[in-house]
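Below is one structure, written out as C-alpha cells, with a few remarks after it.
The values are calculated or read from the model by the stated rules, or taken from the named source; none is laboratory data. Quick caveat: nothing in here was measured; it's all calculated off a predicted structure. Note: ideal-geometry Cβ built from the backbone for every residue, glycine included; neighbour counts use all protein chains shown.
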Amino acid sequence: MNSFLSIKDVENLPGLVKDALEIKKNPNMYKELGRNRSMCLIFLNPSLRTRLSSQKAAFNLGLNTAVLDVGSQGWKLEFEDGIVMDGDKAEHIKEAAAVIGSYFDVVAIRAFAKLEDRAEDYSEQVMESFKKYCPAPVINMESSTGHPLQAFTDLITIEEYKTVERPKVVLTWAPHPKALPQAVANSFSRWMLEAEFDLTVTHPEGYELVDEAVGNAKVEYDQQKAFKDADFVYAKNWSSYHEYGKVLSTDPSWMVTSKKMSLTKNGKFMHCLPVRRNVIVEDTVLDSDQSLVIQQAANRVISMQTVLKNILEGLKK
Amino acid sequence: MNSFLSIKDVENLPGLVKDALEIKKNPNMYKELGRNRSMCLIFLNPSLRTRLSSQKAAFNLGLNTAVLDVGSQGWKLEFEDGIVMDGDKAEHIKEAAAVIGSYFDVVAIRAFAKLEDRAEDYSEQVMESFKKYCPAPVINMESSTGHPLQAFTDLITIEEYKTVERPKVVLTWAPHPKALPQAVANSFSRWMLEAEFDLTVTHPEGYELVDEAVGNAKVEYDQQKAFKDADFVYAKNWSSYHEYGKVLSTDPSWMVTSKKMSLTKNGKFMHCLPVRRNVIVEDTVLDSDQSLVIQQAANRVISMQTVLKNILEGLKK
Amino acid sequence: MNSFLSIKDVENLPGLVKDALEIKKNPNMYKELGRNRSMCLIFLNPSLRTRLSSQKAAFNLGLNTAVLDVGSQGWKLEFEDGIVMDGDKAEHIKEAAAVIGSYFDVVAIRAFAKLEDRAEDYSEQVMESFKKYCPAPVINMESSTGHPLQAFTDLITIEEYKTVERPKVVLTWAPHPKALPQAVANSFSRWMLEAEFDLTVTHPEGYELVDEAVGNAKVEYDQQKAFKDADFVYAKNWSSYHEYGKVLSTDPSWMVTSKKMSLTKNGKFMHCLPVRRNVIVEDTVLDSDQSLVIQQAANRVISMQTVLKNILEGLKK
C-alpha cells in the first residue's frame, strides 16, 4: 500500500481484514517495522479517538510520532496555483507538503468538511494536494467526504461479530442538533459494498448520500422496514448532500430505540462515537449487550496499525 | 496499587516512600517495566510541572505516553445518567472513559475545581466517573479537591531533608490575588498526618480547611506562634472552603518572610510552585539555602515514577 | 558544546559542518547518544519546521522529547528581580528555568521578537534568562534577534551545493505585507561571515541591519548590482531595525524574479520558509531547479541533530 486516502487505495480488502485480525491477536508482532521510521499526525480539526488510537498504533509498531495541531484557523495554507500571496495565507501547500514529507516516512492528516461549498468539499483539496506534493505516503484521518479508517474499523468489527457469511447491514440516519459531514456515512457505505455485505441505507427524504457512495445499496425511507432482520444497525447523523450542509430534520422518531432493535435479527448496534445519548440512540440500546460501540472504538487502533503495517512494508522494498 | 486518586489508594505509605528514594538513586532501574505499555495524560487545565514531570517519569520507565489537551472548554463531557444529550455536550463520560481506557494501560487526569459549587467540586465527579467507567487504572494529576502526586512529592522531600524522626511541619496560608483551589492544602495535610508528622495548620479565620483534610492537625490562627520551632514551613494560598471559593483576605502580613523563618528551628521553606515572589514569600527566603522549592519540583518526577512503577507492577500479574 | 544561543557558542565551525555532512549520510549513526536522555521543546510562538525537524532530530538520536506549547499569552513569566508579583505573572523565570532544567538534559526555546521595544528585544531577555537560571544546556529555536539553527542549516546547504571554495552569497530583502523580525537575516549574515563567504547584503534604504550582524559584509542598495555573479541568493523580509519594527516599504520591485536570477552565475535561490509566492519570489524561480528551499528545509533536521549530538557528547563527560 502506498497512500490511504480512500477504499480505492486498497488492492486486497480480504487480505487487509486478515492482517487486522492477526494484528489484533498479537498487537506487538510488528514491533520492528517502525524502527528508524517516523510519522507525523496533522490535525486541522479536533480529535480524540483518531489522535489517541493512531498514537497507540504507532507505539505498537515502534514508530516514532510527532503530532501537529494546526487548527482550521491557525494554519492558513494557500492551495491555488499562480496566486500573489499577499493576504492572510503565509504558506503554499507545495512547500508545506514537500517539507513535512521530507521529515517523515508517513504523514496522516485530518481536514473536515466546511459544509459551505459542496464542490469544494467534494474536490478533497487538502487530501489530494498533500498526496500530490508530499513525497511520503499520506493517510486520511477523516477528510471532507470520507473517513476510511473508521469504515475499516467498522468492517473489522462486523467480521468479528457476524454469524452469517453475508450479514444484513443497515446504515440509518439519526437526528442530531448540529450539521455534521457525510464523511463517515459515505465511507461506511462504500466499504460495506466492497465487502459485499447486504447493505440497506435508511434516512428521511432529502438525506440521500452522493451516488458514488451509496452505489447499489438498497435505499429505504421507512426506517422500521429497513431494520427488519438486520444483523447490524449502524446509526449516524449527516447533513444533507443535496441541500448541502443543511439540517433538514431533527425528527426524534428517527432515534434508534430498543423497540426498533427488536425488529432486527438480534442485531448489533454500532456507532463511530462520540454519540449523543437519547438523541441518536436510547440508553437502553447503548447499555445493552447489543451495543458494539466500545469494541468498535477499540478497533480504531487495529485499523490504523494495519494500514501503517502495509505502508511501512511498502517502504522497506 | 490499582488507581491513585487519593491517599486512600495507598496501602503501604512507608513502602511507597522507600520505593521513591530507591528510584531517585537509580532512575532507570525500572526501564523494562513500561515495555509494550502506554499511558494517556489528559489535561482539562493547564500544566507545566505535572505535564513535564509525568512525561519524564514515563521516559524513565520506557513507557510510551500520549498527551491529550482538552481544556475545560473544549471537551464538554456529559456526566448525568439518562439525560437527552441535545445541548452542547457531545460525549458521555461512559463512552469517553471506556474508550480511552481500552487504548492505554494507565490514564492520568487533571481536572481543577471550578470553585463555583462546593458540593459539585467535593463530589469529585470527573475523577470518580473516570474510575467507574475506565477499565485502566486512573491517576489523579490534581482534581477539584486533592493533588496527591504533589503531596507525595512533598513527603519524599521532607523524608530527604528531615533531621528528626517526627519533624514539626507547618502548613501556612499565604496571600494571593486570585482565588485558588484547596486541593494542594487538603492533600498536603492528609499525607503529613498519614506520615505521623507533627502538623500545624495556620491561616486567617474563615480559611479553615474541610474537616476530613485537617483531621487531628493543630490549627493555630497566630502565624508566628505556628512557626515556632518548625522544621518545615509549607506555604500555600487557598480560597475559603466555608465561603466557598471566596478570597476573604489578601493581607500581606501573612507573607512568609526571613524574619518569620527565624522563628523556626532552622526550618526549610517549601512551596509547590508556581510561586508569586514577594506576595507568598519574600525573595530572601526563596533565594536562601532554606528554600527547597526546586528540590521539591524535581521530586515530581520521582513521585509520578513511583506511582507508575507500582501500578505497572500490578498490571504484570 | 554547552548551550547554542548564537554563533558565539560555536568553537569550531568547520568541525560542526563536517559533523553535519557526516550525519546527513547516516542519520542513525548516533542513535545511542540519546539513551536515557531527554529534551524539552518550549514554544512561546507557533512553529512548523522547527517543531517537526527538532522532533525528527531527536528520534534519530534516540532522545525522548516533551513539547511544551506555552504561547506568548499563556505563560506570563516575570523576568525582573525583586518585584512584587501581584499582577498577571504567576511564575518567575528563576523557578521556571530551574525546574525545567532539572527534568531535562537539554532545553530548547522559541521566543520571537515582539517588535515593540528594540532595546528589550535586543537584550534577548528570554534566552539569556534561561541560560542563567536553567541548569541544562539551552538551544535557541529562534529568539528575538537570531535564528542560529536556521543559519546553520543554510550554511550546510551552501556547503553541499557550492561549486567554488568561497561563493558569492547575496542576502536580499524582499517585500512582505506584515512586519517580521530581523532574526533570520541577522543570523544568516553572521554565519556567512564566520564561514568567510563573500557576502553582499542588499535592501532598500532604512532596512540596514544592526552593525553587529552585518559586520564587514558589502552593503549594496541596488539589488540588481548585488545579484551580479552571485552563487547563492537568499531572500528574506525583515522590518526596519532603525525605525524599529516598522514596515517602511512593500515595494514589489524588490521581489526576486527569474529575470533578476539571470544576472547571477547560475545562482541558487534560498529562503527559510514559509515563503509568500509572487510576493517574496516568483513562482518561476521557486518551481525551477535553481530553488533550494526544500533541500534547505530538509536540512533543518541535520542542523538540530548536529547541535544535539555535540551537546549530548558534552554531557557524557
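A few remarks follow.
- If only residues of segment A:92-147 that are of a type in the set (Lys, Arg) and under 22 Å from the mean Cα position of the chain (by Cα) are counted, the one that is farthest from the other protein chains (Cβ to nearest Cβ) is A:118.
- Restricting attention to segment B:76-87 and to residues that are at the interface with chain A (Cβ under 9 Å from one of its Cβ atoms) and surrounded by fewer than 19 Cβ atoms within 10 Å (Cβ to Cβ), the residue that is nearest to residue B:1 (Cα to Cα) turns out to be B:81.
- Matching option when the condition is part of a loop (DSSP other than H, G, I, E, B), at pLDDT below 95 and at negative phi, among A:34, A:87, A:71: A:87
- Among residues of segment B:269-295, those that are within 17 Å of the chain's Cα centre (by Cα), hydrophobic (A, V, I, L, M, F, W, C) and within 17 Å of residue B:230 (Cβ to Cβ), counted: 3
- Options B:32, B:95, B:91: the member that is closer than 29 Å to residue A:31 by Cβ and acidic (Asp, Glu): B:32
- When residues in segment A:92-140 are screened for being of a type in the set (S, T, N, Q) and over 18 Å from residue A:70 (Cα atoms), 2 of them pass.
- When segment C:4-21 is limited to residues that are in a helix (DSSP H, G or I) and of a type in the set (Gly, Ala, Ser), the one that is nearest to residue C:149 (Cα to Cα) turns out to be C:20.
- Flag if residue C:24 is farther than 30 Å from residue B:257 by Cβ, more than 9 Å from every other protein chain (Cβ to nearest Cβ) and surrounded by fewer than 19 Cβ atoms within 10 Å (Cβ to Cβ): yes
- Qualifying residue in segment C:4-19 (condition: of a type in the set (A, V, I, L, M, F, W, C), within 14 Å of another protein chain (Cβ to nearest Cβ) and farther than 27 Å from residue B:49 by Cβ): no
- Verdict on residue A:250 being out of contact with any Leu (no Cβ under 7 Å at 6 or more places or on another chain), modelled with pLDDT of 95 or more and within 14 Å of chain B (Cβ to nearest Cβ): yes
- Among the residues of segment B:211-227, the ones that are more than 15 Å from the chain's Cα centre (by Cα), in contact (Cβ under 8 Å) with a residue 24 or more places away in the chain and buried (at least 16 other Cβ atoms within 10 Å of the Cβ) come to 5 in all.
- Any hit, segment A:135-144, residues being assigned by TED's automatic domain parsing to the domain that holds residue A:42, touching a Gly at 6+ places or on another chain (Cβ under 8 Å), under 23 Å from residue A:246 (Cβ atoms) and of a type in the set (A, V, I, L, M, F, W, C): no
- One residue stands out in segment C:304-316 among those that are polar (S, T, N, Q) and either over 15 Å from the mean Cα position of the chain (by Cα) or within 12 Å of chain A (Cβ to nearest Cβ) (or both): the one that is surrounded by the fewest Cβ atoms within 10 Å (Cβ to Cβ), namely C:310.
- Any hit, segment B:259-272, residues being at the interface with chain C (Cβ under 10 Å from one of its Cβ atoms), free of Cβ contacts under 8 Å to residues at least 12 places away in the same chain and surrounded by 23 or more Cβ atoms within 10 Å (Cβ to Cβ): no
- Candidates B:230, B:174: the one that is within 21 Å of residue B:300 (Cβ to Cβ), modelled with pLDDT of 95 or more and over 17 Å from the mean Cα position of the chain (by Cα) is B:174.
- Lone unmet requirement of (1) within 10 Å of chain A (Cβ to nearest Cβ); (2) over 16 Å from the mean Cα position of the chain (by Cα) for residue C:301: (2)
- Restricted to segment B:37-52, and to residues there that are within 14 Å of chain A (Cβ to nearest Cβ) and closer than 26 Å to residue B:146 by Cα, the residue that is modelled with the lowest pLDDT is B:44.
- The helices (runs of 4 or more DSSP H) found wholly in segment C:93-199 and carrying at least 3 residues that are crowded, with 20+ Cβ neighbours inside 10 Å occupy C:93-103, C:125-133, C:148-161, C:183-194.
- Spans of helices (runs of 4 or more DSSP H) in segment C:222-317 with at least 1 residues under 20 Å from residue A:98 (Cα atoms): C:283-286, C:293-316
- Test set (1) under 21 Å from the mean Cα position of the chain (by Cα); (2) crowded, with 22+ Cβ neighbours inside 10 Å - residue A:34 fails condition number: (1)
- Residues within segment C:1-55 that are touching a Pro at 6+ places or on another chain (Cβ under 6 Å) and closer than 22 Å to residue C:102 by Cβ, tallied: 2
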